[in-house]
Structure formats: structure tokens, C-alpha cells
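For reference, the structure discussed in these notes is given below.
The values are calculated or read from the model by the stated rules, or taken from the named source; none is laboratory data. In this text, all values refer to a predicted model and were calculated from it rather than measured experimentally. Glycine gets a Cβ as well: all are built from the backbone with ideal geometry, and neighbour counts include every protein chain shown.
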Amino acid sequence: MEVSGNPKKLPDNAYRRLNEGENYVPVIPAETIVPELTGYSLFWGLFYAILFTGASAYLGLKIGQVFEAAIPITILAMGLSSALNRKNALQENVIIQSIGSASGVIVAGAIFTVPGLYILGLEDQAGFFRIFMASLLGGLLGILFLIPFRRYFVKDMHGEFPFPEATASTEVLMAGEKGGGAASTLLKAAALGGVYNFLSGTFGFWRELFTTRVFGWGQKLATGTRLEFRLLTDAAVIGLGYIVGLRYALIIASGSFMAWWVLVPMVGFFGNEFQIAELQKMIPGELFFNYVRPVGIGAIAMAGMIGVFKSRSIIWGAFKLAGNELTGGQKKDSGPVERTQRDMPMKWISTLIVLTLIMVFLFFWLGVTSKFTWAIAGLLIVTVISFLFTTVAARAIAIVGTNPVSGMTLMTLIISSVILNWVGLEGNGGIVAALLIGGVVCTALSMSGGFISDLKIGYWLGTTPRVQQQWKFLGTLFSAAAVAGVIMLLNDTYGFGEATVAKPNPLEAPQASAMAAVIQPLMTGDPAPWLLYLGGCFMALVLEWVGVPPLAFALGMYLPLHLNTPILAGGLVSYFVVKGGSDETQRARKEKGTLMASGFVAGGAIMGVVAALVLFFGKMLVADDWTRTLDDGTVINADGWSVVHVLNLHHWVEENPWSAVLALVLFFGVCFYLYKGARSAASD
């Protein structure tokens, strides 16, 4: 029994288990040949790979969340083909999405680890070549280790795994066959979010960060009780909160409230009670970074370990599956393989794996450690952990749409540090080696999770897997080069981690900061706040026992309050958007809201990169001896140059409380726009 392919509709058995004797026939059946890889699809795939690499890197380094580029790319590809009235463009759009989506997964691997080198003062060890090679090699391993499992995940287990992200992208592509209204909705939201963020973050027409400390009563509250409310008035973060949904937004915010409104005041209270001068001088933000954030780091580490422990049966199953695939133990189908099931030949895969591992070894030996035995240790760490966890990451994406890459990368860094110390590599050299090893592994894990979604989309729609696999390598190459350039650009413009005189408004780089905080004491022997880490570990265990997702709560404890409050606002908008009405009405509202939220995320993040370029090239154009004296007598030199200071808006933005009030009003205006736009879907 078969369900016939239909270019306007997914088959009825696309998402369910197949009955005995039933076959799945994709939207474009195997015997139908339509354009897949063309000059058009290759150009736009690479274009989006570069564009969204920059956008994802900026947003991820700012707030610790890498948005999924696949859906915005899918919508843009679908809208462009509709605008150009291209015929038979479905498979071209699949290839565009597959190549372009390399951006988000490569970015996740790079920004979780590499900025740690800048944060630890090892900037001279983080050149373009090292960032590029770590990202490229990790991406290649993620692709190559995953291909042998494509048939198992996407065909043999048809209907067993929900594939939430792949489902969303597939639905968008199918909607494109009926018209480009979704792309129009996304582009309008992207324009609004981009202009809004650009006017606040670059030109400073209003305060980007709302805090109660700008008011007299808020200053007294922060000084006396260490209580403070902070809100980042950013459209992109509102969009992220909407996509995350209220449940997880509340869990993340609860972790933040625990840190900022319970633990920070508690530390401040003990400082006053026991007359500890150092604590008495600290404002809430300083108390958080010095004494509360390490608790969040410990909780993140334990949450990652819990996730791996709960996946132990999957890990063992992945080992057995990999052994069968790579040794030819699986039973071979007789007869020719149909187009929609053709993978790259296993001999090519085996050869490329060997060549990539040789490149990993040479990179560690000649480009990182300069010692043969240390390079061998790095190669073994990368090979074993990447092979073990790429399939775990793919299964996690297939089941819940979430890749536990941060927890597994943190474990990789700890394991790497222990092994490298054992073979004699420590100090700054050990830190550099461990972070680059972590970068390769993290990128491999991220790539495997993202790529399995691409392959599932292709399976549903009838794309040739071999074409997706071959050209994913090129998307990875371009994305790796782009992320290296963007990271260096953002460091020159903003810096990462804690604020300095030269870079007073750095990007948070939260995951990389956590990695750096964990790895430094392991490699240098410096004292570390192990008791605070341990407290976080126990907190994660308690959360797991009571049924609260520990990783989400721990991330809330680790991230600054102002990054989590707008996520909660977006989650609340998503809740009220779908409240009331029939199931069909709620579904329409949710889908339109998701398109608008994706537009906020894409537009805000892309404009953030544009703002970075404005600041970067602005500094290049300003003479080294350029100075400006502010109203309070402060002298701004070339290092402190910004559009705000050139336009003389610093007093309005930095000192006038009304700029904070205006920011709050505009923030709620953006939330209301998202709410009203999504609610209008019922009447569209």
C-alpha cells in the first residue's frame, strides 16, 4: 500500500507509523526528477550561510541563545522563489535551507568555546586560522559521523520520532507551494525588529537596558537591600521568548529570580551583618558575578551530566548501531537503491573520516600544541567523544528538538583538561588546547543535530540525500570562515565577558564565560569556588528529583537578569496569543506569532551585526588622537568612540531617567504589536 506523492500536500502517513506493508511516498516521488542543486540554490544557500552566521554569532554572544536559522532561511527562500515565480522550486528551497542552516550549528560550536580565549586574556592565541579550523573540522566530523545513521533515523524509524524542528520547516516549505504570505509576515517583523534595535543599540535614541537603578528610589533599594530589576529592551529577545514558550521561559526566569532576588540579597545581607567591607561596597551586579554566578555554573555542569546519564541506553545503542553500519553488519537491500535513499558511498565516508582525523591531528600538532604526544591525546579525545555523542545529539533533536550540546561540551572540557594535565600539558598552553578541542567537539555535536533535521526534511519532501550531504560540506566551509571573521570583529568592537575601560559594553558570551571559569583552575592550579560549584550541583539534582528541567533553571541562574526578563515577556505574549478560541484558531495564531517572532529574532540579530560594523569602521575612521569631553568632564578617546557620543546623546541615554521610561514604553509597544498581529490570524 502506498500514499501517492502530491506537490501541494504532504502524504497522510508523513508523521505517523507505517502500517504493515505500507510505504511512504514523498511529496516528490523517487521517479520524478526536478531541479535540486542549481546555480540559484547554491548561491542563495551560501548567501544565507554567511548572513545568518553573523546574525547567530552576535545574538548568541549577547544573550547565550543561538536562534535556529533553518526556519527563517526556509521562509526567505520560499518567499523569494514565490516573488520570482520560479517553477518547481520546492527542492531548490530544500537545498538552500540545508546549505544555509550550516550557519546556526557552526556558530553554536564556535561561540560556546572560542571566546573563552579572549575572556582569559589569551587573545593572541585566537587568530582567524585557529577559529576557522576548529569550526571547520568539527563541522566535517559532525556530517561524516552522522551519514551512516541517516537511513536509521529518517527511514527505519519513520513515525517513531517527532522531529519538531524539521516538521516546522517542512510545513513552511509546503505553505510556500500555496503562496508567499508567510515570508511577507516574517519580513515585516524583521524590518521592525531590526530598525528598533538599531535606533536603540547604535544611535542611542533611548536606553537599551532598563534598570530601576536609574531612579533615586531604585538606587537606594539596590544599595540598601541589593534588590534591582533589569530588562533588556531588545526585540530579538522578545521573539526568542515567544518561540521558547511560557513554560520554559518561566523556568529560566525563575532561576534568574532565585539568583538576583534571593541569593544576591542574601550575600549582601551577610556582608552588612558581619561588616565585610568588600561585600558592603558591591552593587547587585558585582555580587552576582562574583558569588552567585558560580552556583549557576555548577548547576549547568550537573544538568549536563544528568542528561548524559539519562541517555546511557541511547549511547550504548548508538555504539552498536555505528558498529553495524561501519562494518557492513546491516542487511543490504537487494536491487538498485531508489533516488530518495541514495547516500554518499560508505567508502567515500570512511576515506573522508580518515582524512579529516589526520587534519585534526596535524592541526593540534602543528597549529596548537607543537608536541606529538599532546596532539595524539587531543585526537583521541575528539574522535571518541565526537563519535559517541554525535548520534546522541541527533537522537535528542529527533525526539525533543533540543540539543544538549552545552552540557556535553562542558564535560568534554573537563575530560580534556584531566587528560592533557596527565600527559603534561597545563597552564595557558593547556587552556588553549582544551578550548580548541572543545570547539571541535562542540561543533561536531551541533552539526549532527542540525543535519539530521535537514535530512528528515529531504526525506519527507523527496530530496536526494547524496546532494544534501555533498553540498553541506561547502556550507560548512563558508560558515566556518564567516564565524571566525565575525568573532574577531565583535571582539574588536565590543569585547567579551566582563566590562573594561576600553570596552565598557562587552557581549556577555555566557557559555564561553562558563567554560573559561571551569577550565582555568583545572589548568593553572588557581583557587576555584568549588563550594559554590558544588552548591549548584546539588541544586540541579534537587530540581531533577522534583521534575523541574535543571538545565533551563541553571541557565537562568547563570545569565544576568536583564537577559531573562524579556524572554519571560515573550513567553507571556505567546500564552495570551493562543488563549481562547477553537483549536484551529489557536493553531493559526500560534503559527503567525512564530513567524513574527522569527522575524524579530532574525531582524534584531542581523541589525546587531550591522551595528557592530558601524562601530568597527567608525573607530577605524577616527584618528588615534580623537577626543571628546562630555558634560561631566569625562574625556572619551578613540577606544571609547560610539555613535552615541558623536551625536552627543550620552547625557540623554546614560543619565536621564526618562530615556529608561521611553525604552520601557517602546518595549511593551513591540510586545503589543506581536500580540495583536498574531491574534489577527483568526480573521486573515
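Summary of values
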{"read-out": "Residue match in the stretch 198-208 (condition: over 17 Å from A660 (Cβ atoms) and part of a loop (DSSP other than H, G, I, E, B))", "value": "yes"}
{"read-out": "Of all residues making up the stretch 281-291, the number that are among the hydrophobic types (A, V, I, L, M, F, W, C) and closer than 19 Å to A512 by Cβ", "value": "2"}
{"read-out": "Test: G367 is farther than 23 Å from P510 by Cα, modelled with pLDDT of 80 or more, surrounded by fewer than 19 Cβ atoms within 10 Å (Cβ to Cβ) and under 28 Å from the mean Cα position of the chain (by Cα)", "value": "yes"}
{"read-out": "Single condition S135 does not satisfy, out of (1) surrounded by 18 or more Cβ atoms within 10 Å (Cβ to Cβ); (2) more than 23 Å from the chain's Cα centre (by Cα); (3) at pLDDT 75 or above", "value": "(2)"}
{"read-out": "Selection count, the stretch 107-142, where residues are among the β-branched types (V, I, T), touching a Ser or Thr at 6+ places or on another chain (Cβ under 7 Å) and assigned to a helix (DSSP H, G or I)", "value": "2"}
{"read-out": "Pick from the stretch 271-290, criterion without any contact (Cβ under 8 Å) to a residue 12 or more places away in the chain and part of a loop (DSSP other than H, G, I, E, B), ranking: surrounded by the most Cβ atoms within 10 Å (Cβ to Cβ)", "value": "I276"}
{"read-out": "Of all residues in the stretch 149-173 being of a type in the set (D, E) and assigned to a helix (DSSP H, G or I), the one that is surrounded by the most Cβ atoms within 10 Å (Cβ to Cβ)", "value": "E165"}
{"read-out": "Failed condition for G485, given (1) in contact with a Phe, Trp or Tyr (Cβ under 8 Å, 6 or more places away or on another chain); (2) under 20 Å from L613 (Cα atoms); (3) at pLDDT below 75", "value": "(3)"}
{"read-out": "Residue satisfying all of: in the stretch 11-40; closer than 18 Å to K456 by Cα and either free of Cβ contacts under 8 Å to residues at least 60 places away in the same chain or acidic (D, E) (or both); surrounded by the most Cβ atoms within 10 Å (Cβ to Cβ) among these", "value": "E36"}
{"read-out": "In the stretch 538-548, the residues that are in contact with a helix residue (DSSP H, G or I) (Cβ under 6 Å, 6 or more places away or on another chain) and surrounded by fewer than 22 Cβ atoms within 10 Å (Cβ to Cβ)", "value": "E544"}
{"read-out": "Top-ranked residue in the stretch 205-215 [being surrounded by 19 or more Cβ atoms within 10 Å (Cβ to Cβ) and touching a Phe, Trp or Tyr at 6+ places or on another chain (Cβ under 8 Å); ranked as nearest to M607 (Cα to Cα)]", "value": "F210"}
{"read-out": "Helices (runs of 4 or more DSSP H) completely within the stretch 458-574 that count 2 or more residues being out of contact with any Lys or Arg (no Cβ under 7 Å at 6 or more places or on another chain) and within 21 Å of I431 (Cβ to Cβ)", "value": "465-493, 510-524, 530-545"}
{"read-out": "Qualifying positions in the stretch 650-684 - part of a loop (DSSP other than H, G, I, E, B) and modelled with pLDDT of 70 or more", "value": "E655, N656"}
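Residues are listed down the side, and each one gets a yes or a no for (1) surrounded by 24 or more Cβ atoms within 10 Å (Cβ to Cβ); (2) outside the structural domain of T74 (by TED's automatic domain parsing); (3) over 19 Å from L140 (Cα atoms):
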| site | (1), (2), (3) |
| --- | --- |
| L413 | yes, no, yes |
| I419 | no, no, yes |
| G429 | no, no, yes |
| D454 | yes, no, no |
